[in-house]
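Here's the structure we're looking at; comments come further down.
The values are calculated or read from the model by the stated rules, or taken from the named source; none is laboratory data. Bear in mind the structure is a predicted one, so any value in this text is a computation, not a measurement. Glycine gets a Cβ as well: all are built from the backbone with ideal geometry, and neighbour counts include every protein chain shown.
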Amino acid sequence: MNMKKKRLVAAALSAAMLASLTACGGSTGETSQAAADASSGGAAEGETTKMTLILRGGSYGDVLKASLPEFEAEHNVEIEVLDMSFDDLHTGIALDAVNEVGTYDLCMVDGSWMAEFTTNGVLANLSDMGYSFDEDIIPNTTEICKVGEDIYLAPYFGNVTVMLYNKANVEAAGYQPEDIQTLDDMLAVAQAAKASGVNGFAYRGDTGDNIVSDFLPILLACGGWVVDDNNQPTVNTQEFKDAMNYYMELIGTGAAMSKDDVTAAVDNGSATLAIGWPGWYVPSADSAADYMVSPGMRSEGAESFNTSEYGTWTIGIPANAPHPDLALELLQYVMDPEVQLASIANGGVPCRYSCLQNEEILAEYPHLSIVCDALDQGVYRPAIEEWTDFTNILGTEMGNIMAGVKTVDEGLADAQTQLEELMQQ
Amino acid sequence: MKEKAMIGKGNGRFIFGMTAPTMLILLIMTVYPVIFTIVYSFTDYNYLKGIHPFIALENYVKLFENVYFRQAVFNTVLFTVLAVVSEVFLGLLLALYVRSLKKRQKLLRVLILLPYLLPAVTVALIWRMMLSPNYGIANQLLQTIGLPVFNWFRDPNTAFGTILVIDIWQNTPFAFLLLYACLQGVPDSQYEAAAIDGAGYFQSFWHVTLPNITGGLALCAMLRTIDTFRLFEKVNILTGGGPANTTSTITQYMYTYGIKTLDFGFASACAIVMTVFVLILSAVYIKRAVQS
């Protein structure tokens, strides 16, 4: 090859590479224009608009997905849904938030992310967009959705902690479900089950968030909480230590498992009790397991507390949504009482009285009355920006205690020190 | 002389022209992110807040003072050493065995490679199902022979070992493949000469096979070290770093305390420390490669 040809080849290769790199980026302007067009009433007339939703994978997202075809047909839109795990959903929404025009039109948000997302302008103000709550929505479930009077989220899936139990195992322990009123009763059932050769209490012992979530109903029943009124950590208190000591006894009757194993174990009878969420399991009259509100009293005659911890899956519109107007229509559509009522057949748990107190529905899904009560009186996890870090630290120290690496006193003292440092940053 | 210089100059330009695209891609895809990771590691960069004030070495100090991080480093180094030694050793045994076969070499090669072809996430999920205390085949076998159901991933005494076994199961085929290829390059004449000299199997292995595949063993160990040091998916899916941090690795730590919380400055510091560890562990091989 002579020199000229070599130069030509080199120049052609470099040009090709530069062209491909240029093609990879630099399309923001076009995207913005497309987004602007779509937002103001869809794509060009007759064209199908494409929307993208980022949802919690599993039953929570599946319920919402099931209601989409009708909306798609009515509005000439094509909706792509991304199913994410808990952590990936959080990261996915956050990573997209810094773009001028985002990818997602509607997102599912855990209540515990609310403070972080609203402080950093991730979510659109739904009040400004014209959305308001109707009186049918359970008022307590809307608390986490607002900052002051401004609405940022709508409560879509009424997730609240409940106590899962295996009917036969509870009966074999000499109890009826309604007799389990105190933590002492709960422990007695678990110990009886353990004595008979099955696990008493099954729990998730993996990530910090799961460890903390499973424990909070126990802590509430003991009169403790993770922060005080000023959001300062209170994990080295007597109430917390009592709850932790009790929890150690309770988990001693069973085993740590993954979420799927917890549900399967309670259902197949290899475990008797567990703290879980309605989205995990849909009981029926014939099912082997059912759920009830977790006991609110430490022991007979003690003060009773609300122990239902909210984990409501809410929906919101990212502040940089490509089609905000359509997204609002979609949000209003999936929050519509009729659509929500229909979602129950797909495993949905609406945060609406008209759905959860509907006689026809209760005849088929009696457990929803328990969920309704729990949603009416639930307790929110602290609405603090640092909650993810908070649960990492607390969960890790609780894990150390549960594994016997640290004593209750050592673990909680270490957690308190680290959490105080975290909250001071 | 002048003509030679002209040709040399022309060749230089041609070489530059041919390598420029690769160099540019490397600069964009590797050098640029590395530089930014280093820069971010000296800042308090939170992704959502969008600000990155310079905080000098604070992230590094915080990192090394953190007891969870120190445990993650210990776990990672221990895991890497155990996994790499086991994988290379087992890979070599398998390679020697398959090479010694007169028939069915191809079939065995494919069968042995299968675990390595699976994505780490799939491997983790398969093993999670197999070791499930409720429906896992492993525990059902234990029950069949009258042993109690065991909770492999939730017991602090077994979680680390279980993930180690899974990693060895998946990655031994890689060592096998590489060492098997190396064994193909050992001249038969050397074995014949050794046989004439009266060398037995082990003497042949020690004096003929091993010296011929030393480079391959070193390369295999280095590649496995780099890969094992980044262990993440299996830990994240199977244990989340628990119980009691016994399976926490540097990447898992980085994910939990940096990525999940969007503290990218802290995560960057963690990534830089991990890179330094890998470089130290791979230094011997890299030095040899550069010298040769």
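To keep it simple, each residue is scored yes or no on (1) within 28 Å of B:Thr275 (Cα to Cα); (2) surrounded by fewer than 17 Cβ atoms within 10 Å (Cβ to Cβ).
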site: B:Thr76; (1), (2): yes, no
site: B:Phe79; (1), (2): yes, no
site: B:Leu90; (1), (2): yes, no
site: B:Lys106; (1), (2): no, yes
site: B:Pro133; (1), (2): no, no
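Under the condition of being under 22 Å from B:Ser248 (Cβ atoms) and touching a Lys or Arg at 6+ places or on another chain (Cβ under 9 Å), the residues counted in segment A:210-234 number 5. May I ask you to verify whether A:Cys351 is away from chain B (no Cβ under 14 Å) and touching a Pro at 6+ places or on another chain (Cβ under 6 Å)? Yes. Looking at (1) free of Cβ contacts under 8 Å to residues at least 12 places away in the same chain; (2) out of contact with any helix residue (DSSP H, G or I) (no Cβ under 9 Å at 6 or more places or on another chain); (3) within 14 Å of another protein chain (Cβ to nearest Cβ); (4) part of a loop (DSSP other than H, G, I, E, B), which is the one condition that is false for B:Leu142? Against the list (1) free of Cβ contacts under 8 Å to residues at least 12 places away in the same chain; (2) out of contact with any helix residue (DSSP H, G or I) (no Cβ under 9 Å at 6 or more places or on another chain); (3) within 14 Å of another protein chain (Cβ to nearest Cβ); (4) part of a loop (DSSP other than H, G, I, E, B), B:Leu142 comes up short only on (4).
Checking each residue in segment A:110-130 for being part of a loop (DSSP other than H, G, I, E, B) and either within 14 Å of chain B (Cβ to nearest Cβ) or surrounded by 19 or more Cβ atoms within 10 Å (Cβ to Cβ) (or both) picks out A:Asn120, A:Gly121, A:Val122, A:Ala124, A:Leu126.
Does B:Lys102 satisfy the condition of being over 27 Å from B:Leu223 (Cα atoms) and not aliphatic (A, V, I, L, M)? Here the answer is yes, as B:Lys102 does meet what is asked.
Condition check for A:Ile393 on (1) within 14 Å of chain B (Cβ to nearest Cβ); (2) more than 23 Å from the chain's Cα centre (by Cα): one failure, at (2).
Look at segment A:71-105 and say how many of its residues are under 18 Å from A:Gly121 (Cβ atoms), of a type in the set (Gly, Ala, Ser) and assigned to a helix (DSSP H, G or I). Of the residues in segment A:71-105, 3 are under 18 Å from A:Gly121 (Cβ atoms), of a type in the set (Gly, Ala, Ser) and assigned to a helix (DSSP H, G or I). With the structure loaded, tell me whether A:Ala265 is farther than 23 Å from A:Leu220 by Cα and of a type outside the set (S, T, N, Q) or whether it fails that test. Taking the combined requirement at face value, the residue satisfies it. Restricting segment A:396-413 to residues that are over 15 Å from B:Asn245 (Cα atoms) and touching a residue at least 12 places away in the same chain (Cβ under 8 Å) leaves a set whose member that is farthest from the other protein chains (Cβ to nearest Cβ) is A:Asp409.
Would you call B:Ile226 within 14 Å of another protein chain (Cβ to nearest Cβ), within 26 Å of B:Leu281 (Cβ to Cβ) and outside any loop (DSSP other than H, G, I, E, B)?
For B:Ile226, the condition - within 14 Å of another protein chain (Cβ to nearest Cβ), within 26 Å of B:Leu281 (Cβ to Cβ) and outside any loop (DSSP other than H, G, I, E, B) - is not met.
Could you check segment A:332-377 and list, in sequence order, the residues that are of a type in the set (A, V, I, L, M) and in contact (Cβ under 8 Å) with a residue 60 or more places away in the chain?
Correct list: A:Val334, A:Met335, A:Val339, A:Ala342, A:Val349, A:Leu356, A:Ile370, A:Val371, A:Ala374, A:Leu375.
Only one of the listed residues (A:Asp242, A:Asp260, A:Asp286) is away from chain B (no Cβ under 14 Å) and without any contact (Cβ under 8 Å) to a residue 40 or more places away in the chain. That residue is A:Asp286. Going through (1) under 19 Å from the mean Cα position of the chain (by Cα); (2) within 14 Å of chain A (Cβ to nearest Cβ); (3) not in a loop (DSSP other than H, G, I, E, B) one by one, B:Thr256 falls short only on (1). Only one of the listed residues (B:Thr214, B:Thr225, B:Thr251) is in contact with a Lys or Arg (Cβ under 6 Å, 6 or more places away or on another chain) and not hydrophobic (A, V, I, L, M, F, W, C). That residue is B:Thr251. Applying the condition of being polar (S, T, N, Q) and part of a helix (DSSP H, G or I) to segment B:259-292 and asking which residue is modelled with the highest pLDDT yields B:Ser268.
Please state which one of A:Asp83, A:Asp96, A:Asp87, A:Asp62 is of a type in the set (D, E, K, R), within 30 Å of A:Thr207 (Cα to Cα) and surrounded by 19 or more Cβ atoms within 10 Å (Cβ to Cβ).
Details: A:Asp83 fails: surrounded by 19 or more Cβ atoms within 10 Å (Cβ to Cβ); A:Asp87 fails: surrounded by 19 or more Cβ atoms within 10 Å (Cβ to Cβ); A:Asp62 fails: surrounded by 19 or more Cβ atoms within 10 Å (Cβ to Cβ).
That would be A:Asp96, the only listed residue that is of a type in the set (D, E, K, R), within 30 Å of A:Thr207 (Cα to Cα) and surrounded by 19 or more Cβ atoms within 10 Å (Cβ to Cβ).
Restricting the search to helices (runs of 4 or more DSSP H) fully inside segment A:296-414 and requiring at least 3 residues that are acidic (Asp, Glu) gives A:359-364.
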